[in-house]
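Each value in this text was obtained by applying a stated rule to the coordinates, not by laboratory testing. All figures in this text were calculated on a predicted structure; none of them were measured in a lab. Ideal geometry is used to build each Cβ from the backbone, glycine not excepted, and the neighbour counts take in all protein chains shown.
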Amino acid sequence: MELFYQQGVIFSRYLLSVKAASQSMAAFSNQSKSLTLSSKGNFYGSAEFLSTATPTRKQVAGGVRATATEIPTIAKKSGSQEKAKVGINGFGRIGRLVLRIALSRDDVEVVAVNDPFLTVDYVRYLFKYDSTHGIYPGEVSVLDENTLSVDGHKIKFFGAKSPVDIPWGASGVDYVVESTGVFTKVEKASGHLQAGAKKVIISAPSEDAPMYVMGVNEEKYSADQNVVSNASCTTNCLAPLAKVVHKEFGIVQGLMTTVHATTVTQKTVDGKDGRLSAKDWRGGRGAGQNIIPSSTGAAKAVGKVLPELNGKLTGMAFRVPTPNVSVVDLTCRLEKNASYDDIKKAIKAASETYMAGILGYTEDAVVSTDFVGDARSSIFDAAAGIGLGDGLVKLISWYDNEWGYSTRVVDLIEHIVAVVAAKKN
């Protein structure tokens with residue numbers, strides 16, 4: 001009887017999911033017809049739709065994307081039909097997802113990929129099959145030992161170890177996504193400029209490159225900056241939340257904890273992790289067996305993108321044995337003695353207006369897997385946070401540390417393209 005009951009529940013859920021998907025797609029189609037352009041040049045749907053629509057997913061050329069939140073905060077498009085030619089250095093988790101997302105955009109084209117540790121047939125395999133985000137729905141094939149074809153788009157493949165040796169210029173690449181995690185300083189990343197690229201976007205925090213977080217400080221980007229950082233996935237989650245809370249109530253001090261999914265630098269069993277354990281022995285312990293305390297500079301980095309919060313935030317991380325989706329816990333003391341309901345209302349209002357597509361809001365009883373494939377940077381969990389009075393609050397916000405972050409990388413490229421084009425005009 002228990003077996004039949006479970007099967008019945010599963011089948012009922014399937015029917016409901018089909019119905020919900022159909023309704024969501026119909027709503028999205030209707031709302032798409034009524035998009036308006038704000039004074040800042042951002043496309044928004046109706047506030048009601050953005051607030052209430054469940055972030056369901058659909059299959060498009062770039063893979064799985066959140067339908068209700070594909071409204072990135074970017075500069076107004078220049079109107080040029082010419083696509084930005086992009087190269088990706090490092091075809092790991094972020095590099096592969098950047099390609100998937102770029103394939104669904106009209107103004108960005110990935111024309112080359114470089115990774116010295118892969119062959120083109122292995123690149124095809126890794127791109128096509130993804131354990132977290134699913135099988136790429138389009139056609140992926142190898143044309144020759146240096147060329148990949150994705151849905152008819154030819155992508156050159158190189159295996160150079162140093163940025164200066166990658167033939168970006170000869171391939172027509174103007175923008176490089178530096179996603180190896182190795183060349184994170186301006187001097188090293190500038191090797192891409194020597195190789196013919198015009199701009200470099202580092203998909204990691206940087207000690208000396210200007211950092212930009214979409215929805216937070218991208219308007220400060222200047223066209224003469226050639227090497228920039230997209231910060232970290234955790235900073236991209238925390239900064240939008242902190243921006244809204246500080247704007248409305250003022251943050252005196254805050255402590256952040258990110259409960260972070262496993263990443264590629266961790267070990268499957270206990271061992272020496274070359275990138276972490278030399279300074280953090282716990283970082284080399286088995287990822288699937290442990291909750292691992294770790295350091296993170298994400299909270300302090302918020303002070304770089306929001307100078308008014310410099311020195312007011314710090315934090316740490318727990319690495320947990322899940323493959324994707326992380327969550328930020330921001331505990332802070334506010335200048336104003338606001339109730340938790342006041343804070344929820346302010347965040348909800350921001351998520352429906354100037355932070356739409358970047359900061360989300362939910363009151364549902366969600367868990368981490370509900371956010372796999374969510375394109376937003378940060379989704380505030382109103383039901384999980386608490387307030388203690390006297391302006392002391394604990395705020396919880398989810399993020400797909402892979403897909404959401406990779407979406408922002410592409411958004412930042414589009415923003416840079418628009419700023420450069422505006423300067424030329």
Discussion item. Ranking request for peptides 320-328, 380-388, 107-115: highest mean number of other beta-carbon atoms within 10 Å first, then the rest in descending order.
Written reply: 107-115, 320-328, 380-388
Fill in: Packing-based exposure ordering (other Cβ within 10 Å, fewest first) of 369, 234, 314
369, 314, 234
Worksheet item: Which distance in nm do the two modelled labels at residue 121 and residue 255 give, with both placed 7 Å along the Cα-to-Cβ direction?
Response: 5.4
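Set the Förster distance to 51 Å, then compute FRET efficiency between residue 345 and residue 139 from the Cβ-Cβ distance, nearest 0.05.
Details: r = 47 Å, r/R0 = 0.93.
In this case the efficiency is close to 0.60.
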Worksheet, complete the sentence: At R0 = 45 Å the Cβ-Cβ FRET efficiency linking residue 290 and residue 153, nearest 0.05, sits at 0.60
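If you add up the charges near residue 85, with Lys and Arg at +1 and Asp and Glu at -1, over every other residue whose beta carbon is less than 10 angstrom from its beta carbon, what do you get? Before the final figure, lay out each step's value.
Working: positive: 83, 198; negative: 82, 109, 174.
Residues close to residue 85 contribute a combined charge of -1.
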Worksheet item: R0 = 56 Å: FRET efficiency of residue 279 with residue 82, Cβ-based, nearest 0.05?
Response: 0.80
Practice prompt. May I ask for the distance between the Cα centers of the stretch 121-197 and the stretch 353-368, given as a whole number of Å?
Written response: 32
